[in-house]
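Asks: Before anything else, here's the structure in question.
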Amino acid sequence: MIETVDNYDRAIAAIKSDIETWYQRFAVNNEISLAEAKKLLTKAELEEFKWTVDEYIKLGMSGDPRWHKQLENASARVHLNRLEALEIQMREQVERIYRGRETATREYLANLYEDNYYHNVFDIEQGVGIGLSFTRLDQKRLDLVTQKPWTTDNKTFSDRIWTSKQALINSLNRNLTQMIARGEAPDRTIAAIAKEFEKDKNTVGRLVMTESAAFSAKARADAHAELGVERFEIVATLDANTSEICRDMDGKHFAEKDREIGVTCPPFHPWCRSTDVPYFDDEFTVGGMRVARDPETGKVYEVPANMTYREWYQKYVVDEGKEWSVKAYRNRHGDRKQYEAYKDAIGKSNMPLTFRSFQQMKYQEPQRWDLLKGYKSEVTSGNISPLVGFKNFEKEHNSLIERFVGTKTSDGIEIKGIKPHFTARKIGTHEWMADDASKEIRNRLRYKAVKSEQIEDALSSGVYRDTLRKEKTGKMMLSRQYQGQECVVTINPETGMLIQTNRKKRK
Ligand SMILES: [Zn+2]
């Protein structure tokens, strides 16, 4: 639109080359002290630098007059230190990105305003079916609109552009000095500076988006005033990304005289996608449709225009069991990291095939997700071999559930569930092996697993003792240990969960 990515890339490339040349010239072994950096340029160096400055002056004739003046001053100076010279070079790159930005933004916003104004007038006339008379916009009015601040801090978009430029220059200079003071190598300095540019790009993008939304709102307000529309209604986007405030504001209507950007009318926040439409007390909007997006499939469909965000959400998201995908979308960045971490820890073959199916498991199959978490923790703490694999682990776990859940211990406690750690203890520290593995394999792998019959034997033995043990969280837990011939089985007598099993040591 206004900014091209190229401008930023070009600026970063230019600064990279400036810094590299500077280090080559003044640093020893890629390092330079602050004192060295602040040494004055020699007469020859100064002469050479003035050529560069004169180049900048020629290039930037139509740019910021304040910068122009500062360059002229630099060109006339008899003393200039190395750091100052580099700062001027960096500043010029920033000025180049910002050069013309204000004019371009003003033009863009004026066009946007004009477009929106006429569209609104047209739409309203279509709606009421008669041609109303309205004022055409002229340059004077557009200038007035673009120069009037709309926020409570009384800043116009030009002020904001100027502020963001200053912030970028200041942070670049601060970064540079700090890097030199810390003795960083130039590549790290360049990386830090590139990051600052990246931040600036986002700030400017956000600024333009917010200003655009505000100028569209102004155009709507002016069109309404022109045609005598007295009330407006907020329309939020019907999809999963809509902010809380916009969900609440959707469907509300206000008098035009109470229109206040950010309070009663959008944008309510940066990147706000809400808008407003004329509101009439009669059936003006009846029969109309609005668009919604399915959070699970991303498909777009229509719902009646008078359905509010909250109504849509209940009917099409909650009632249809799709709330999880809203959560999945919101947590996508964190989940992506978790997905990668899990892949690293337990291997791709033990994971759901895609990120999508990973999220599906996490939000829709809480028990399998708990088991996967348990499996990962058992593998990473070395309780079971990674060669067991999640499939076998799950199979073993499910067969334990089938065999034990619902049965009772000798003292009448009903077993209600099985912790992943129990399954891991049952499988044993060494290679995965089925209960009916041959004696030869058993010996070869020094099998330390516990067999299901041995667990059953312990649970029905009638020999047990209670102990208190401290959880990782610091909470004290009661547990009951059943002594069998071959193993000890621990359960939580309050929850009925099987926690732990250990093979007895042979004397
Ligand atoms: Zn919004």
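Asks: Only one of Val277, Val263, Val286 is over 20 Å from Asn116 (Cα atoms), of a type in the set (Val, Ile, Thr) and modelled with pLDDT under 90. Can you tell me which?
Replies: Matching residue, one of Val277, Val263, Val286: Val286.
Asks: Then there is this: So, Asp143, is that one in the same structural domain as Gln93 (by TED's automatic domain parsing), surrounded by fewer than 16 Cβ atoms within 10 Å (Cβ to Cβ) and either of a type outside the set (D, E, K, R) or farther than 30 Å from Glu226 by Cα (or both) or not?
Replies: Details: in the same structural domain as Gln93 (by TED's automatic domain parsing): yes; surrounded by fewer than 16 Cβ atoms within 10 Å (Cβ to Cβ): yes; either of a type outside the set (D, E, K, R) or farther than 30 Å from Glu226 by Cα (or both): no.
No; evaluated as a whole, the condition is false for this residue.
Asks: Same structure, new question: Can you list residue pairs whose Cβ atoms sit under 7 Å apart, with the first residue in region 11-27 being in the same structural domain as Leu172 (by TED's automatic domain parsing) and the second being at pLDDT below 90 and assigned to a helix (DSSP H, G or I)? Count only pairs 6 or more apart in sequence or on different chains.
Replies: Note: pairs meeting the criteria are Ala11/Arg96; Ala11/Ile97; Ile19/Pro186; Ile19/Thr189; Glu20/Pro186; Tyr23/Pro186.
Asks: Now a separate question. Report whether or not Arg206 is basic (Lys, Arg), touching a Lys or Arg at 6+ places or on another chain (Cβ under 8 Å) and within 16 Å of the ligand (Cβ to nearest atom). Spell out the reasoning first.
Replies: Details: basic (Lys, Arg): yes; touching a Lys or Arg at 6+ places or on another chain (Cβ under 8 Å): no; within 16 Å of the ligand (Cβ to nearest atom): yes.
No; evaluated as a whole, the condition is false for this residue.
Residue by residue, here is whether (1) assigned to a helix (DSSP H, G or I); (2) over 15 Å from Arg101 (Cα atoms); (3) touching a residue at least 12 places away in the same chain (Cβ under 8 Å) holds:
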{"residue": "Leu176", "(1), (2), (3)": "yes, yes, yes"}
{"residue": "Glu184", "(1), (2), (3)": "no, yes, no"}
{"residue": "Thr203", "(1), (2), (3)": "yes, no, yes"}
{"residue": "Phe215", "(1), (2), (3)": "yes, yes, yes"}
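Asks: Right, another one. Within region 186-199, is there a residue that is under 24 Å from Thr103 (Cβ atoms), crowded, with 19+ Cβ neighbours inside 10 Å, in contact with a helix residue (DSSP H, G or I) (Cβ under 8 Å, 6 or more places away or on another chain) and touching a residue at least 24 places away in the same chain (Cβ under 8 Å)? Write out each step before concluding.
Replies: Taking region 186-199 first, the residues under 24 Å from Thr103 (Cβ atoms) are 197, 199.
Keeping just the survivors that are crowded, with 19+ Cβ neighbours inside 10 Å gives 197.
Among the residues that remain, those that are also in contact with a helix residue (DSSP H, G or I) (Cβ under 8 Å, 6 or more places away or on another chain) are: 197.
Retained after the next criterion (residues that are touching a residue at least 24 places away in the same chain (Cβ under 8 Å)): 197.
Looking for residues that are under 24 Å from Thr103 (Cβ atoms), crowded, with 19+ Cβ neighbours inside 10 Å, in contact with a helix residue (DSSP H, G or I) (Cβ under 8 Å, 6 or more places away or on another chain) and touching a residue at least 24 places away in the same chain (Cβ under 8 Å), one finds at least one in region 186-199, hence yes.
Asks: Test each condition in (1) part of a helix (DSSP H, G or I); (2) modelled with pLDDT of 90 or more; (3) not small (Gly, Ala, Ser) for Ile234 and report the one that comes out false.
Replies: Ile234 satisfies all of (1) part of a helix (DSSP H, G or I); (2) modelled with pLDDT of 90 or more; (3) not small (Gly, Ala, Ser) except (1).
Okay, residues lined up against (1) free of Cβ contacts under 8 Å to residues at least 24 places away in the same chain; (2) buried (at least 17 other Cβ atoms within 10 Å of the Cβ); (3) under 36 Å from the mean Cα position of the chain (by Cα):
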residue: Met61; (1), (2), (3): yes, no, no
residue: Trp67; (1), (2), (3): no, yes, no
residue: Gln70; (1), (2), (3): yes, no, no
residue: Leu80; (1), (2), (3): no, yes, no
residue: Leu83; (1), (2), (3): no, yes, no
residue: Val94; (1), (2), (3): no, yes, yes
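Asks: Sort out for me the helices (runs of 4 or more DSSP H) sitting completely within region 357-437 that have 1 or more residues that are surrounded by fewer than 16 Cβ atoms within 10 Å (Cβ to Cβ) and within 31 Å of the chain's Cα centre (by Cα).
Replies: Per the criteria, 366-380.
This table checks each residue for (1) closer than 21 Å to Gln314 by Cα; (2) not small (Gly, Ala, Ser).
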| residue | (1), (2) |
| --- | --- |
| Asp239 | yes, yes |
| Lys257 | no, yes |
| Cys265 | no, yes |
| Trp271 | no, yes |
| Ser274 | yes, no |
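Yes/no per residue for (1) within 16 Å of the ligand (Cβ to nearest atom); (2) part of a helix (DSSP H, G or I); (3) hydrophobic (A, V, I, L, M, F, W, C); (4) loosely packed, with under 15 Cβ neighbours inside 10 Å:
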{"position": "Asp281", "(1), (2), (3), (4)": "no, no, no, yes"}
{"position": "Glu302", "(1), (2), (3), (4)": "no, no, no, yes"}
{"position": "Met307", "(1), (2), (3), (4)": "no, no, yes, no"}
{"position": "Gln314", "(1), (2), (3), (4)": "no, yes, no, yes"}
{"position": "Ala328", "(1), (2), (3), (4)": "no, yes, yes, no"}
{"position": "His333", "(1), (2), (3), (4)": "no, yes, no, yes"}
{"position": "Tyr342", "(1), (2), (3), (4)": "no, yes, no, no"}
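Asks: Please count how many residues of region 1-23 are outside any loop (DSSP other than H, G, I, E, B) and either closer than 18 Å to Ile88 by Cα or β-branched (Val, Ile, Thr) (or both).
Replies: Qualifying residue count for the region: 16.
Asks: Still on this structure, I have one more. Looking at region 106-129, can you tell me whether even one residue there is of a type in the set (Val, Ile, Thr), closer than 28 Å to Asp200 by Cβ and surrounded by 13 or more Cβ atoms within 10 Å (Cβ to Cβ)?
Replies: No: region 106-129 contains no residue that is of a type in the set (Val, Ile, Thr), closer than 28 Å to Asp200 by Cβ and surrounded by 13 or more Cβ atoms within 10 Å (Cβ to Cβ).
Asks: Those residues that are more than 16 Å from the ligand (Cβ to nearest atom) and either over 33 Å from the mean Cα position of the chain (by Cα) or surrounded by fewer than 20 Cβ atoms within 10 Å (Cβ to Cβ) (or both), I need them from region 215-253; list them, please.
Replies: Ala221, Asp222, Ala223, His224, Ala225, Glu226, Leu227, Gly228, Val229, Glu230, Arg231, His253
Asks: Here's something else I'd like to know. Which condition does Phe268 not pass, out of (1) in a helix (DSSP H, G or I); (2) within 16 Å of the ligand (Cβ to nearest atom), if it passes all the others?
Replies: (1)
Asks: Within region 316-326, track down each residue that is assigned to a helix (DSSP H, G or I) and in contact with a Phe, Trp or Tyr (Cβ under 8 Å, 6 or more places away or on another chain).
Replies: Within region 316-326, the subset assigned to a helix (DSSP H, G or I) is 316-318, 323-326.
Answer for region 316-326, where residues must be assigned to a helix (DSSP H, G or I) and in contact with a Phe, Trp or Tyr (Cβ under 8 Å, 6 or more places away or on another chain): Trp324, Ser325.
Asks: Output the qualifying pairs, or none if there are none: Cβ atoms under 9 angstrom, residues six or more apart or on different chains, first residue in region 457-473 and of a type in the set (Lys, Arg), second residue part of a strand (DSSP E or B) and modelled with pLDDT under 85.
Replies: Arg469/Met476; Arg469/Met477; Lys470/Met476; Lys470/Met477
Asks: Do you know which residues across region 254-263 are surrounded by fewer than 19 Cβ atoms within 10 Å (Cβ to Cβ) and within 15 Å of the ligand (Cβ to nearest atom)?
Replies: Passing the criteria: Gly262, Val263.
Asks: What is the number of the single condition among (1) surrounded by 12 or more Cβ atoms within 10 Å (Cβ to Cβ); (2) aliphatic (A, V, I, L, M); (3) part of a loop (DSSP other than H, G, I, E, B) that Leu353 does not meet?
Replies: (1)
Asks: Considering only residues that are over 20 Å from Gly412 (Cβ atoms) and either of a type in the set (S, T, N, Q) or at pLDDT below 85 (or both), which ones fall in region 478-500?
Replies: Residues of region 478-500 that are over 20 Å from Gly412 (Cβ atoms), as a first pass: 485-487, 500.
Hits for region 478-500 are Gln485, Gln500.
Asks: If you don't mind, another one. Test Tyr108 against the stated conditions and say whether it is modelled with pLDDT of 80 or more, under 21 Å from Asn170 (Cβ atoms) and hydroxyl-bearing (Ser, Thr, Tyr). Reasoning before the result, please.
Replies: On the way: modelled with pLDDT of 80 or more: yes; under 21 Å from Asn170 (Cβ atoms): no; hydroxyl-bearing (Ser, Thr, Tyr): yes.
So Tyr108 does not fit the description; no.
Asks: On to the next question. Output yes when any residue across region 86-103 is closer than 30 Å to Gly288 by Cβ, assigned by TED's automatic domain parsing to the domain that holds Glu198 and of a type in the set (Gly, Ala, Ser), and no when none is. Even if it seems obvious, please write down each step before you answer.
Replies: Restricting attention to region 86-103, the residues satisfying the condition of being closer than 30 Å to Gly288 by Cβ are none.
Within region 86-103, not a single residue is closer than 30 Å to Gly288 by Cβ, assigned by TED's automatic domain parsing to the domain that holds Glu198 and of a type in the set (Gly, Ala, Ser).
The values are calculated or read from the model by the stated rules, or taken from the named source; none is laboratory data. Remember, predicted model here, so these are calculated numbers, not experimental data. In this analysis, Cβ positions are derived from the backbone assuming ideal geometry, glycine residues included, and neighbour counts consider all displayed protein chains.
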